[in-house]
Amino acid sequence: MIEAQGLVKRYSTRTAIEDISFRVERGEILGFLGPNGAGKTTTMRILTGYMPPSAGSASIAGHDVVYDALAARQNLGYLPENVPLYPEMSVVGYLDYMARLRRVSQRREAVARAMEQVHITDRADDRIGKLSKGYRQRVGLAQALLHSPPVLILDEPTVGLDPRQIIEVRELIRSLGGERTIILSTHILPEVSQLCQRIVILNQGRIAAVDTPQALTARLQGSQRIYLEVAQPTPETAVALAEIPGVEQVQAQGQGVFDIQHERDCDLRQSIAALVVERGWGLLELRAVRMSMEEIFMQLTTQEDTTTVIEPDGEIPTAEEELVTTS
């Protein structure tokens, strides 16, 4: 549904993005990550038809964003980080106006449906300028859904929302993912793990990684780790744990806590638990330790030269920046 091939954007002597290539399949939610200036905004501006690329191509639902721009935009709903709203208009008036601009048939039904989806029906007659930032964000999301587009590009959709609203918007995005293709740009890294099937990480105008969060964790972490806590450790505990086949290293961290590194593609929790019970150390906690999304992000974006793309099927380069564009 979304495809970018070799996108390049140059501004005079500066290259914002270089060789950006990725696909987003129907019904997939793709997380779009990168530090400020990495190229996210530039890439999204190209995808939404706000600006043309210097080289390469992009398409939305099979329509080229440059040569078939109108059809591409008809299949796209966009929520920028700073939603362009009219503060003097009411919520329902603004949404009706946007529906008319998009030539949506049955505008009243479309507006009512969009407001219900983002839970702002009770604010229909409120002036937008009087709304909190969280509710203004919801109005922006509603305008992106008015014409029931098969593709959504969402830039920081939960910014400014309170914890309850964040949960509601995340659930809405998750429910939309089955029927719509979504690119989600966010700085809330746990949000990516919760919502996205795959992630694209950009750094210095190139793609640093394209993969699932789980696969990225496995690739970057190398050996796997287990957290073990026992009630009655002995001086021989670390030595005995290290003798389990597959264990590479055991570090005692005090108070009966051990960090166990072991070979990939093997689960040693059962063997470790059996040893703890046999020796009578008193098992308190045993769990696998995985890299957090924050650790993955930092490892991929703090390198000076990002030239290798981590992909499920191989390695490639690519890039991008921040995000802003018109709907």
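None of the figures in this text is laboratory data; all of them are computed from the coordinates on show. Because the structure is predicted, anything quoted here is derived from the model rather than measured. Cβ coordinates were reconstructed from backbone atoms using ideal geometry, including for glycine residues, and neighbour counts include every protein chain displayed.
Let me understand the range 118-192 better: what is its radius of gyration from the alpha carbons, and its Dmax, in angstrom?
Reported Rg and Dmax, both Å: 12.3, 35.
If r is the Cβ-Cβ distance from Gln74 to Ile244 and R0 is 41 Å, what FRET efficiency results, to the nearest 0.05?
0.10
Which ³J(HN,Hα) values, rounded to whole Hz and listed in residue order, are derived for the range 128-135 from phi using the Karplus coefficients 6.51, -1.76 and 1.60 in 6.51 cos²θ - 1.76 cosθ + 1.60 with θ = phi - 60°, glycine and proline given as x?
4, x, 8, 7, 5, 4, x, 6
Peptides 254-263, 43-52, 12-21: what's the order by average Cβ count within 10 Å, highest mean first?
Values: 254-263: 16.1, 43-52: 23.0, 12-21: 17.8.
By packing density, highest mean first, the sequence is 43-52, 12-21, 254-263.
Any chance you could list the semi-axes, whole Å, largest first, of the equivalent ellipsoid that the Cα gyration tensor gives for the range 1-108, using √(5λ)?
Semi-axes from the Cα gyration tensor: 28, 17, 13 Å.
In terms of Cα to Cα distance under 30 Å, which lysines are near enough to Lys40, apart from those fewer than 8 places away along the same chain?
Those lysines meeting the cut-off are Lys9, Lys133.
For the chain, take the longest principal axis of its alpha carbons; what is the angle in degrees between that and the long axis of helix 269-279, to the nearest 10 within 0 to 90?
30 degrees
Kirkwood Rh over Cα pairs of the range 219-288 into Stokes-Einstein at 4 °C, 1.567 mPa s: D in µm²/s? It would help to have the intermediate numbers written out before the result.
Numbers: Rh = 11.9 Å.
Taking Rh from Cα pairs, D becomes 108 µm²/s.
Taking 0.36 nm per intervening residue step and subtracting the Cα-Cα distance, what contour gain separates Gln232 from Gln270 on full extension?
11.8 nm
Apply the Kirkwood formula to the chain: the hydrodynamic radius equals the inverse of the mean of 1/r over all pairs of different alpha-carbon atoms; give it in Å with one decimal.
21.9 Å
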